[in-house]
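Scroll down for the structure; my scribbles are underneath it.
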Amino acid sequence: MREGLFIKKNIDKWKQYQYEPATDPDEMAGQFTDLVNDLGYSKTFYPQSKVTIYLNGLASRIYLGIYRNKKEESSRILRFWKRELPLVVRKYHREILYAFIIFTLFALMAAFSAAHDETFVRGVLTDRYVDMTEENIAKGDPFGVYKNQDQLSMFIWIARNNIEVSFMVFICGFALSIGSIWQLFMNGVMVGAFQYYFFSKGLGWQSILVIWINGTLEISSIIIAGAAGMVLGNSILFPGTRKRLDSLKRGGKDGLKMMIGLMPVFIVAAFLEGFVTRYSKMPLVLSISILAVSLFFVIWYFVVYPIQLEKKSRPV
């Protein structure tokens, strides 16, 4: 094919690619493939022609556009964790504080009730669990429940259970926040009764050093999920100047971002419970270190860092 005919046949397409660049990634990739074919043909038959230089430049521009889109997608994910999520968390620090207070009060109430009613713990934790734990205590392995399954199976089951429980706490926020508060009540009572039981057996501090290896992240996630549910419910109850539907959309979006932000926490908590907590006789320094790192992360990422980021984001 003569060069003039080759140009005449394709010039309209090339101009469209140049002056009307695609924004859809698939379309952009299609244009790039098409140009590469034309460029290959041009290099073969017209290697010294200006059209070859033109096509090379146009193909390079589209390639850079594809690369830039990929880079923006990856930076978008990084931006979510570094900026977007912490600012959403900061926006709802009050709800997180309320959820923490509610959970803690119910846990303390449960411990108080267990101290004055011997049947309370069995009513909350079930006879089967208490009997099994007492058998383990008699065997000299009070935390043997964490060794009943192989590590991988336990990790998968716990991760799924953590996600299901936390999303249930969140979704119950649709019931005007009352549902999430009720879920915080049930989980708080369970934790309070559970912790009192081990203290009553003289295993309180040992239980903290073992169970709270995973419990620090797990309970923090439930509390933040409760706060996300309250964000959802309050958006219905208190729409402010917005239409109730618009307020619900905003509350649902922000609450869902908080839940997405908890996903890695669920996974790490499940990993610790499945692979680490079973070593109940690990060195004291190691146990305290894991607890300290988990607690530091929760306080820093969900409390301190969002406050620092908000201050930096304020206009001077």
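Before moving on, here are some points about what is shown:
- With θ taken as phi - 60° and the Karplus curve 6.51 cos²θ - 1.76 cosθ + 1.60 applied, the whole-hertz 3J(HN,Hα) list for segment 239-253 is x, x, 7, 7, 5, 4, 5, 5, 5, 5, 4, 5, x, x, 5 Hz, x standing for glycine and proline.
- Eligible lysines near Lys82 by straight Cα distance, threshold 19 Å, same-chain separation 8 or greater: Lys70, Lys71, Lys91, Lys253, Lys257, Lys311, Lys312
- Solvent exposure of segment 133-238, expressed per residue, is 43 Å² of accessible area, with all protein chains present and a 1.4 angstrom probe.
- Pair Glu134, Ile156: separation of 7 Å Cα→Cβ label points (nm): 3.5
- Straight-distance candidates among the lysines for linking to Lys147, with alpha-carbon spacing under 16 Å and chain neighbours fewer than 8 residues away dropped: Lys139, Lys281.
- Placing +1 on each Lys and Arg Cβ and -1 on each Asp and Glu Cβ, with no other charges, gives the chain a dipole about its Cα centre of roughly 1600 debye.
- Stretching the chain fully between Lys9 and Ile267 yields a gain of 87.2 nm (0.36 nm per residue, less the alpha carbon separation).
- With θ taken as phi - 60° and the Karplus curve 6.51 cos²θ - 1.76 cosθ + 1.60 applied, the whole-hertz 3J(HN,Hα) list for segment 121-126 is 4, 5, x, 8, 8, 6 Hz, x standing for glycine and proline.
- Spherically averaged projected area in nm², based on the convex hull that wraps the Cα atoms of segment 133-172: 3.6
- 10 Å Cβ shell holding at most 15 others, DSSP loop, trypsin sites (Lys or Arg not before Pro): longest site-free stretch of the chain: 3-138
- One decimal place: the segment Phe238-Asp117 gains 39.6 nm when fully extended, by the rule 0.36 nm per residue minus the C-alpha distance.
- HN-Hα J in Hz across segment 170-187 - Karplus 6.51, -1.76, 1.60, θ = phi - 60°, x for Gly and Pro: 5, 4, 5, x, 4, 7, 6, 6, 5, x, 5, 5, 5, 5, 5, 4, 5, 5
- Relative to the 2.2 N^0.38 Å rule of thumb, segment 114-190 has a C-alpha radius of gyration ratio of 1.39.
- Hits among lysines - C-alpha to C-alpha of Lys13 under 19 Å, sequence gap 8 or more where chains match: Lys43, Lys50
- Residue of Leu184, Leu203, Leu232 that the Gaussian network model of the chain assigns the largest fluctuation, springs spanning Cα pairs under 10 Å: Leu203
- Separation of the Gln149 and Tyr279 label points, Cα + 7 Å toward Cβ, nm: 2.1
The values are calculated or read from the model by the stated rules, or taken from the named source; none is laboratory data. Remember, it's a predicted structure, so these values are computed and weren't measured experimentally. Every residue, glycine as well, gets a Cβ built from its backbone with ideal geometry; the counts of neighbours run over all protein chains shown. Just the protein is used for accessible areas: all its heavy atoms, side chains included, with ligands, DNA and RNA removed. Shrake-Rupley method; radii C 1.70, N 1.55, O 1.52, S 1.80 Å.
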